[in-house]
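In what follows, a structure is listed as structure tokens, so that the remarks can point back to it.
The values are calculated or read from the model by the stated rules, or taken from the named source; none is laboratory data. As the structure is a prediction and not an experimental result, all values here were calculated from the model. Neighbour counts run over all protein chains shown; Cβ positions are idealised from the backbone, glycine included. Areas reflect the complete protein model, heavy atoms only, side chains present, ligands, DNA and RNA absent. Shrake-Rupley method; radii C 1.70, N 1.55, O 1.52, S 1.80 Å.
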Amino acid sequence: MSKLTRDNSAVVLIDHQVGLLTGVRDMTIQDLEHNVVHLAKAAKALGVPLLVTNAATDFWGPTIPALVDVLDGKEILTRTIINSWDDPRFVRKVEAIGRKNLIIAGVSFPVCAALPAMSAVEAGYDSYVVVDASASFTDAGRDAAMFRLSQAGVKLVDYASVMCELLADNADPLAPSVYQAIDMPFVTLMQQLAEDWRSH
């Protein structure tokens, strides 16, 4: 397992679609949408590659608009296969990115996120599932996925902490934009205080 850095990682967002969000039961839809959008914004601020998919859009609807806005026209891979890793086009896109650490979030934690994360481990990648940018339709489903992922060697992370890990240094010129992207509400206040301190 290699240390997570912005140079060896990619963010993979799977099936955050309008129809699927209606089934979320273990967090509010607003929290899930907030977390995945700000995960994408932080990845973008850090220059980390983003791969976004949706599934059966005629059935599950489009990708949530707030996430589409972050992508600035970047292609979203549409598929019908449930485990995205079983779609050769998806695997080719992952291989083309050339990063061994995959930070994965899926609208359904036990299916959209867990299945490709475990498949990626089997294929030689290090997988990190973002638990607060992935949701479950039942509490039992979330609990089972947690155990299964841990047994498979997948690491569990939250979106803000993993982006801070990629930032690595508060002296980095990107730090203000990354903290703004992950929407830590106290960051703006701290920036204002720091400016006040510097001005005295």
In whole angstrom, the spacing between the Cα centers of region 1-74 and region 111-163 equals 14 Å
Selection from Phe109, Val12, Val130, by position along the positive dipole direction of the chain (Cβ) = Val12
The chain - percent of accessible surface contributed by carbon and sulfur, probe 1.4 Å | 57 percent
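Sorted by packing (mean other beta-carbon atoms within 10 Å per residue), highest first, where do 37-50, 170-183, 93-106 land?
Top to bottom by mean Cβ count within 10 Å: 37-50, 93-106, 170-183.
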CD proxy at 222 nm, helix term only [per DSSP H run n ≥ 4: -39500 (n - 2.57); per residue of the chain; nearest 500] = -13500 deg cm²/dmol
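For the chain, take the alpha-carbon Rg, divide it by the Kirkwood Rh, and send me Rg/Rh.
Taking Rg over the Kirkwood Rh, I get 0.98.
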Using the Cα centre as the reference, give the magnitude of the dipole from point charges on the C-beta atoms of region 92-200 (Lys, Arg: +1; Asp, Glu: -1; all else neutral), rounded to the nearest 20 debye.
-> 440 debye
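Once you order the gyration tensor axes a ≥ b ≥ c over the Cα atoms, which shape class does region 10-70 get: rounded for a/c under 1.5, otherwise prolate or oblate by comparing a/b with b/c?
Cα axes put region 10-70 in the oblate bin.
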Can you give the accessible area per residue of the chain, in Å², using a 1.4 Å probe?
-> 48 Å²
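Only bridges whose two residues both fall in the chain count here: according to DSSP, what percent of them are antiparallel, nearest 5?
Details: 1 of 22 bridges.
Taking every DSSP beta bridge within the chain, about 5 percent pair in antiparallel fashion.
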